[in-house]
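The values are calculated or read from the model by the stated rules, or taken from the named source; none is laboratory data. Everything quoted here is computed from the prediction, not taken from an experiment. Cβ: placed from backbone, ideal geometry, glycine included. Neighbour counts: every protein chain shown. Only protein heavy atoms, including side chains, enter the accessible area calculation; ligands, DNA and RNA are left aside. Shrake-Rupley method; radii C 1.70, N 1.55, O 1.52, S 1.80 Å.
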Amino acid sequence: MKAAVLDGGRFAVREYDDPVPGPGQVLLETAACGICGSDLSAVAHTEDFLKASRDSGTTSFLFDPARPLVLGHEFSGRVLGYGPGANGPEPGTGVVALPWALDSGGVLRTVGYSNAFPGGFGERVVVQAQALLPVPDSLPLALAALTEPLAVGFGNVARSSAGPGTPAVVVGCGPVGLGAVAALRERGAEPVVASDPSALRRAAASRMGAHAVVDPARQDPVELCGALAGHPAPGSGRPTVVVNCVGVPGMIDRLLHTVPRGTEILQIGGVMTEDVIRPVVGIYKDVTLRMCLTYPPEEFAATLARLADGRVDAAALVTGETGLAGLDAAFASLRRPEDHIKVLIRPGLRGRSCGRRRPAARPHPPRPFRILETGSSLCAAVMAVA
């Protein structure tokens, strides 16, 4: 098969051995694969990425950086065939799958972060057959590749205390953060404030249902959330759910200092370096800090259903597509958040460019607050009921 192989920090399209499904596994033909923030980190901070896996005793993300690697774990595709003892949807069926595979020793590996299990930046992938979900006809197969990143946002919010009337803040509006915005709205949280330096991503957060969006360089999102909830004094008000989807050093400590007492912070963004916090500040404020990796597996299927029935508009989040030869350009572009939200790699496409397409606007459900793009004072930010 052809694959975009990572070797020496760059991608090259090469012929690569077809993966062979073992017992209980299935072979898929890749339709599309998204580029994840974890992929960016694995390339730019390879040693830190691997050290974190070793230090935490997490084997599922370990690979040998001296050997060629095919990344890509946010994929959709079509069934080609099954390994011994495996069965599932008929060959040709469009599917998505949790990116899991068991190696010959029974160790769980993440497809795309294993030298033995090439990912969706190649024409074929192998996963465990039990991880498959058929894609409904109402959803284009390529767009189904957004199931995995959006499920991270939905699934981790499902682990939180967010419910009707809970003030909430989402820091970072990539696909995971946008999934968190939609999840908070689904659970009735309000107000939901989304923060990102990128105007492109703030606009996407508005489309996903955020009550207010903010450039953090102009306005503190936690402060704004308190004002919208009727507590204009910084740090006052009801306990808040904060979903931090950025891997920026110092952000956790800043949140500990600014959130209201009793707040729950979900840390999803992976900080690749050592970081410093002042724990006693969070202790005095009775803050809960939850580090998030896994989420309820049923949220993967639930997120696919949300995409299929239109509750979440996947097409509005895809801002670019390219073939295997365009991976270097796509990675460079994604490091500039104003360029893209989600880029899909389509192995069947030719060319190296990663053209930007403008996401389509979509009607959103009524909100109890007007959307606000704010950098103004807190007094001016308090919203009137629509």
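Of all residues being surrounded by fewer than 21 Cβ atoms within 10 Å (Cβ to Cβ) and among the aliphatic types (A, V, I, L, M) in region 34-78, which is nearest to residue 333 (Cα to Cα)? Just the residue, please.
If we take residues in region 34-78 being surrounded by fewer than 21 Cβ atoms within 10 Å (Cβ to Cβ) and among the aliphatic types (A, V, I, L, M), then 40 is nearest to residue 333 (Cα to Cα).
Which one is nearest to residue 94 (Cα to Cα) among residues in region 119-164 that are free of Cβ contacts under 8 Å to residues at least 40 places away in the same chain and small (Gly, Ala, Ser)?
Among residues in region 119-164 that are free of Cβ contacts under 8 Å to residues at least 40 places away in the same chain and small (Gly, Ala, Ser), the one nearest to residue 94 (Cα to Cα) is 131.
How do the pairs read when you match residues in region 165-187 that are more than 19 Å from residue 228 (Cβ to Cβ) with residues anywhere that are in a strand (DSSP E or B), using Cβ under 6 Å and keeping only pairs 6 or more apart or on different chains?
175/342
Return the only residue of 160, 195 being open to solvent by 10 Å² or more (accessible area, probe 1.4 Å), of a type in the set (S, T, N, Q) and under 20 Å from the mean Cα position of the chain (by Cα).
160
Using the structure shown, decide if residue 319 is over 22 Å from residue 97 (Cβ atoms), within 21 Å of the chain's Cα centre (by Cα) and part of a strand (DSSP E or B).
yes
Go over the candidates 174, 105, 165, 179 one by one and state the one that is open to solvent by 10 Å² or more (accessible area, probe 1.4 Å) and in contact with a helix residue (DSSP H, G or I) (Cβ under 7 Å, 6 or more places away or on another chain).
Testing whether each residue is open to solvent by 10 Å² or more (accessible area, probe 1.4 Å) and in contact with a helix residue (DSSP H, G or I) (Cβ under 7 Å, 6 or more places away or on another chain) leaves just 174.
Every residue in region 6-30 that is under 25 Å from residue 47 (Cα atoms) and either open to solvent by 70 Å² or more (accessible area, probe 1.4 Å) or not in a loop (DSSP other than H, G, I, E, B) (or both), please.
Scanning region 6-30 gives 6, 7, 8, 10, 11, 12, 13, 14.
For region 54-99, name all the residues that are of a type in the set (Phe, Trp, Tyr) and in contact with a Ser or Thr (Cβ under 7 Å, 6 or more places away or on another chain).
The answer is 61, 63, 75.
Show the residue pairs meeting these rules: Cβ distance below 6 Å; 6+ apart or different chains; first residue within region 309-332 and more than 16 Å from residue 3 (Cβ to Cβ); second residue open to solvent by less than 10 Å² (accessible area, probe 1.4 Å) and assigned to a strand (DSSP E or B).
Between residues of region 309-332 that are more than 16 Å from residue 3 (Cβ to Cβ) and residues that are open to solvent by less than 10 Å² (accessible area, probe 1.4 Å) and assigned to a strand (DSSP E or B), the close pairs are 317/342; 318/342; 318/344; 320/343; 321/344.
Only one residue in 266, 293, 289 is over 15 Å from the mean Cα position of the chain (by Cα) and within 26 Å of residue 186 (Cα to Cα), so which one is that?
So the residue among 266, 293, 289 that is over 15 Å from the mean Cα position of the chain (by Cα) and within 26 Å of residue 186 (Cα to Cα) is 289.
Can you pull out the residues in region 306-337 that are over 23 Å from residue 185 (Cα atoms), among the charged types (D, E, K, R) and in contact with a Leu (Cβ under 9 Å, 6 or more places away or on another chain)?
321, 335
With the structure loaded, tell me whether residue 121 is under 20 Å from the mean Cα position of the chain (by Cα) and either on the phi > 0 side of the Ramachandran plot or aromatic (Phe, Trp, Tyr) (or both) or whether it fails that test.
yes
Tell me, which helices (runs of 4 or more DSSP H) wholly within region 228-311 include 1 or more residues that are touching a Pro at 6+ places or on another chain (Cβ under 8 Å), open to solvent by less than 60 Å² (accessible area, probe 1.4 Å) and at pLDDT 95 or above?
251-258, 298-308
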